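The values are calculated or read from the model by the stated rules, or taken from the named source; none is laboratory data. Source: prediction; values computed, not measured. Please note: Cβ atoms are built from the backbone with ideal geometry, for glycine as well, and neighbour counts cover all protein chains shown. Keep in mind that these areas ignore ligands, DNA and RNA; they rest on the heavy atoms of the full protein, side chains included. Shrake-Rupley method; radii C 1.70, N 1.55, O 1.52, S 1.80 Å.
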Amino acid sequence: MRTYNGEVPRFDPDAMIHHRRRARITQVELGRRLCVHDNQIYRWEKGITPIAADDLRRVARELRVVPAQLQRPLDSPPTLTDLRSLLAITPTELARRLAVKPQRLAHWERGHLGPEHGPLLAALLGISDASVRDYEHTGQLPVPLAHRLARALRTNPEIVSAAFLASRRAASPHAQAA
């Protein structure tokens, strides 16, 4: 299956079918409302074609649900990628909200602030040297960045900090071997 930047990895075709039927909307009608061919609705509901974040937001709006209701439930602590996915936001959209480059966001979604260290990292992120030293010592997301991410992801800083650590564990080679 082809993957691309706008894909929503947690999309649940069965949830889409459930909510479409609950709303008493046919595939043809949903396709008409979304200005897509009903075959595209069929392909999303069968899991043949991945759904893009903007399409998922449009589907959710038509079905009068939030994007998270059209996605698989979390079976482990959420990562930053999970939090972004639940809102149906692409990495590019979130990077724009945060005023960072997509590459920087990719580092954050793997549980790292970036390849730079010390004062350079502090200057690039607009945080204090002490925050960077704490991060380098503990691996904890600096508080100013937790607040910044929390605003962009419409959640609270504690959830973002926990998701950052979960992202770090998920990206760690030791976590994948276990």
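From A130, A99, A60, A123, grab the single residue that is among the small types (G, A, S), over 15 Å from the mean Cα position of the chain (by Cα) and closer than 30 Å to R24 by Cβ.
Residue meeting the stated conditions: A60.
Let me spell it out: the conditions are (1) open to solvent by 20 Å² or more (accessible area, probe 1.4 Å); (2) within 22 Å of A52 (Cα to Cα); (3) in contact with a Pro (Cβ under 8 Å, 6 or more places away or on another chain); (4) in contact (Cβ under 8 Å) with a residue 60 or more places away in the chain, and P78 meets all of them except one. Which number is the exception?
(3)
What pairs come out if I take residues in region 121-136 that are of a type in the set (V, I, T) and pair them with residues that are open to solvent by 60 Å² or more (accessible area, probe 1.4 Å) whose C-beta lies under 7 Å away, six or more apart or interchain?
Every condition considered, the pairs that remain are I127/P144.
Go through region 24-53 residue by residue and tally those that are touching a residue at least 24 places away in the same chain (Cβ under 8 Å), closer than 25 Å to R84 by Cα and open to solvent by 80 Å² or more (accessible area, probe 1.4 Å).
So the count comes out to 1.
Residue check, N156 against (1) closer than 21 Å to A68 by Cβ; (2) in contact with a His (Cβ under 7 Å, 6 or more places away or on another chain), all met but one. Which one?
For N156, the failing item is (2).
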